[in-house]
Amino acid sequence: MDAVLGLQHPGLEQALSAFLHLDRLSRAFDGAAAVSDLSLEIDEHEIVTLLGPSGCGKTTTLRMVAGFEMPDSGRIALEGRDVTRVAPQHRGFGMVFQHYALFPHLDVGANVAFGLDASGLTRTEIPGRVDSALDLVGLPGTESRSVGSLSGGQQQRVALARALAPEPKVLLLDEPLSNLDATLRERTRRELRALVKEIGITSIYVTHDQEEAFDLSDRIAVMRDGRLDQVGPAEDLYHGPATEFVATFLGRAGAVQAVVEARGSSGSLRCRTPAGAIWDARASEAAPDAPGSAVNLLARPEALEMCGADESGAIAGVVSDRRFAGSAYVYSVKVDGGELELQTTGDVARHGDSVGLRPVAAPAGLFAFPRRPGGAG
Amino acid sequence: MIGRRLSWRGRALIVSVFALLLWAVVYPNFVVLAESVSGDGGATLRNYAEFFRTSSELWALWSSFWISILTVLLSALIGVPLAFLFAGYEFPGRRVLGALAAMPVLLPPLVGVIAILFLYGESGIASRFLQSMLGLESPPWRLQGPGAILAVHAYSMYVYFYLFTLAGLARIEPAVFEAAASLGAGRFRTLTRVALPLLTPTLAGASLLTFMTSMASFSAPYVLGGGFRVMTTQIFNSKLQGEMSMAMVETVMLAAVALLVLWPLSRWEGSREYVAPGKGTRSARVPVRSRWARFGIAAAAGVGVLVLVLPHLTLVLVSFVPDGAWTTETLPPAYTFENYVQLVSDPRTFRPIINSLLMAGAATVAAVALAVAVGQLVVRWRVRGRALLEGMVILPWALPGTVLAIALATTFSVNQPWALRWVLVGTPWILVLAYTVRVLPLTGRAALAGYRQLDPSLEEASASLGAGPWRTLRRVTLPGLRPAIMVGASLAFVTGLGEFVASIILYTHRSRPISIEILSQLRDFDLGAAAAYGVLLMVLVAGSFLLGQRWLGGS
């Protein structure tokens, strides 16, 4: 049957090789597309983060994987087996909810045991499994406490223990840290990564926080408007963003309008800015390379340095904002055709100063993207 | 306000609210209790001894109890699955049918009973229809006795379970059900291990309300009981026969049983309230996919709702029947607007409408004012004795209307100003007083809830901007409370409009309300006129509800 389907379905062969395969998933609510044609392959033991702004469809995607939403089209396959129409209770995926969804009428132990007695374990096996699950999350001996008496961080751990106790094949996490305060969030993030890596469970993590994504994931899938913009390890996404959205959503970047002058070496483009300076930038796949094409040139703050306003290869501008960020100073500089950002270790300029900017090691940290008519930097 | 010394005006308000509630709500009950043990110029338990010696008395008490237990079970059996159906599944017509399922609340108890009488009574439309269809010599059933009472109770009170369960389900965070599913729990397990335990406080609340309403129910046993007596009808009969001391003993016994049940159940209800944290994902109704299942559910729901709405339709139909025109036919043979015309044109028949509107209106205004004062004292000023204050506001809810009526009739039938007793019996004021006390729990609960939801920093902001207490109350507090008050007031007003239980004990010909007039039209076999009054009440009730809903929606 699979072979027959495989003929009609080019995605299936890949599905057989990938541990978890989301194959061209689409879901619309009242006619508005929440997720469109989303495909993603996840290897065993891998942690993949769905990252994107609110409303981008990342939670809908996760809920389709969990089985709470039925895709309008597309399939989900686990170890080559189609689970698209398998009910959530038979899918065997663990889930940690944003507000934890702990059962308020059950104590900690009974919450953790809930999935265990549903799985048909005997009465004698369950307490040991509850113990080890609570040990795992660092809450030993809390079985008989009511969930209402726990702090937010502890509730989050109980939710994790409850999801992990039945030993699911896949762990789904829906912004599980969003209800914790900043310091606790950072600590929990590191513990969570260590724990998930130690167990080696395949995980999908949903967040809108890029730091969380950087910290936790083997790969990040950046979503926008129900589609995947780019999938890859954090470094690849940061140093080689496929779209302007990825470049600005992951890390900071200033932008200036430019036109293509010529092709550069190893896939870079020579771009001319309105001020006349010529900078080399990494060309995104979609960037036009014909001379005279309009592009947006984006620059990471750390890829630029300050120099004299009239030095050759520099863009002149006026400092419009100066922020102290602890380890560095960040300046916004208004230039002809856009606004660039610059990060320095020393305090080198004041608000209103006229300065020049130039790349440190072009094309590193500079990216050219196609400019649509009317779109500005 | 805490820690600040109150002005003399504030203190005067506290004293008068306490005094008023003690006098109107608590005192009459003590008078009944005291008079029930007095006789022969001293204290005596002779009346109680007689009560416990008389088997018919004990039977009536026992009947009240078991009828109420069965009413709770029957109502739950209808209301809870219905709520799960409408909350959990999406099928054609769900919205309309879901709204219609609450229709029985539109019928004041007495109107509901006579509507059902017109439909299923010995000469009711449905009974005659079946009789002629099957060619029977006599009607297929007799709508009389405990079975009839239970049927009417279940019809009118399953709505409590239906609405409570709907609200309870809406309060549960949907992610909890998803968590259960992701942990491998199927539908049945999720129901028994998650949904029902989480609904326990809700179901306890609905059970309590249903039990108390059933214990206090008078219209159904009075009209349909035949020889079968429950406590409320027993009290009424004792009073009718002038056996006041026995009526008082019966009143005390009924109140005692009601309070005995209320106390443990209400503690249970309050002790386990689960509140959903934060935002939840909107709960998805399961769309019913199979065409046959969709059709089946919609058809079943449609038939079910038709059964629920038939009494209303019957009432409307009968209200167009001319006096004496409907004798042995299945459906009335002739129709006319005459009943409605007469209702407003004849001062004799118009009088009860005016009476009801005036007395219910006055009672509503009084109960709202008292409720707002209590809210201010309990929630804002946190005065000493606030638990007592809150208890006094809720107390009339626990006491059957018959108990209240006997208490007021006993207390205000003598002129003893030194004992704060005046002769109010025979005046409309006793009815206004009775209505006020009866509806006080409705306005009181609404006002207390409204005060508790109102952010106190709004009032502090008003004060910091230089507004005095009066200005703050008028410009900030009352507008903030308005949605809650409007809901409470509309409930109070419709309760007053249809009031029957206390009225039948306290009315005079001059002050007779609509419900009493319906009954006397019914006695004269002027069914059309009785039904026209019933329709009028139904429309007024629906209008008030809509108004209240609008205010709730606007908040």
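The values are calculated or read from the model by the stated rules, or taken from the named source; none is laboratory data. Note that the structure is a prediction, hence the values are computed from the model and not measured. Methodologically, a virtual Cβ is constructed for each residue, glycine included, from the backbone with ideal geometry; neighbour enumeration extends over all protein chains shown.
Before moving on, here are some points about what is shown:
- Residues being more than 23 Å from the chain's Cα centre (by Cα) and of a type in the set (Lys, Arg) - total across segment A:269-306: 2
- Helices (runs of 4 or more DSSP H) fully within segment B:303-419 counting 2 or more residues that are within 30 Å of B:Val261 (Cβ to Cβ) and out of contact with any strand residue (DSSP E or B) (no Cβ under 6 Å at 6 or more places or on another chain): B:347-375, B:386-398, B:401-411
- Residue list for segment A:96-122, restricted to those being crowded, with 19+ Cβ neighbours inside 10 Å, closer than 11 Å to A:Pro166 by Cβ and at the interface with chain B (Cβ under 7 Å from one of its Cβ atoms): A:Phe114, A:Gly115, A:Ala118
- Subset of segment B:464-490 (residues that are at pLDDT below 75 and surrounded by 15 or more Cβ atoms within 10 Å (Cβ to Cβ)): B:Ala467
- Test for B:Val15: is it buried (at least 16 other Cβ atoms within 10 Å of the Cβ) and at pLDDT 90 or above: no
- Qualifying position, being in contact with a Lys or Arg (Cβ under 7 Å, 6 or more places away or on another chain) and at pLDDT 85 or above, among B:Thr200, B:Thr165, B:Thr192: B:Thr200
- Residue check for A:Ser217: of a type in the set (Ser, Thr, Tyr) and within 14 Å of chain B (Cβ to nearest Cβ): no
- Checking B:Val432, B:Val425 one by one, the residue that is aliphatic (A, V, I, L, M), touching a Leu at 6+ places or on another chain (Cβ under 9 Å), touching a residue at least 24 places away in the same chain (Cβ under 8 Å) and not in a helix (DSSP H, G or I) is B:Val425 and no other.
- Residue tally, condition surrounded by 20 or more Cβ atoms within 10 Å (Cβ to Cβ) and touching a His at 6+ places or on another chain (Cβ under 7 Å), over segment A:167-219: 1
- Search result, residues across segment A:85-113 that are assigned to a loop (DSSP other than H, G, I, E, B) and in contact with a Lys or Arg (Cβ under 7 Å, 6 or more places away or on another chain): A:Gly92
- The numbered conditions (1) over 30 Å from B:Thr443 (Cα atoms); (2) modelled with pLDDT of 80 or more are all true for B:Pro287 except (2).
- Every condition in (1) touching a residue at least 24 places away in the same chain (Cβ under 8 Å); (2) closer than 30 Å to B:Glu390 by Cβ holds for B:Ala34 except the one numbered (1).
- Residue match in segment B:319-333 (condition: under 29 Å from the mean Cα position of the chain (by Cα) and in contact (Cβ under 8 Å) with a residue 40 or more places away in the chain): yes
- Residues (surrounded by 15 or more Cβ atoms within 10 Å (Cβ to Cβ), within 14 Å of another protein chain (Cβ to nearest Cβ) and free of Cβ contacts under 8 Å to residues at least 24 places away in the same chain) located in segment A:124-153: A:Ile126
- Going through (1) surrounded by fewer than 24 Cβ atoms within 10 Å (Cβ to Cβ); (2) within 22 Å of B:Pro104 (Cα to Cα) one by one, B:Phe525 falls short only on (2).
- Residues that are farther than 20 Å from B:Glu390 by Cβ and among the β-branched types (Val, Ile, Thr), drawn from segment B:449-482: B:Thr472, B:Val476
- Applying the set (1) over 30 Å from A:Met223 (Cβ atoms); (2) at pLDDT 90 or above; (3) within 14 Å of chain B (Cβ to nearest Cβ) to A:Leu160 leaves exactly one unmet item: (1).
- Candidate set: segment A:313-327, residues that are small (Gly, Ala, Ser) and touching a residue at least 24 places away in the same chain (Cβ under 8 Å); chosen: the one surrounded by the most Cβ atoms within 10 Å (Cβ to Cβ): A:Gly317
- Residue in segment A:332-340 that is of a type outside the set (A, V, I, L, M, F, W, C), in a loop (DSSP other than H, G, I, E, B) and surrounded by 12 or more Cβ atoms within 10 Å (Cβ to Cβ) present: yes
- Number of positions in segment A:173-192 that are more than 17 Å from A:Ala133 (Cα to Cα) and either in contact with a Pro (Cβ under 8 Å, 6 or more places away or on another chain) or within 11 Å of chain B (Cβ to nearest Cβ) (or both): 3
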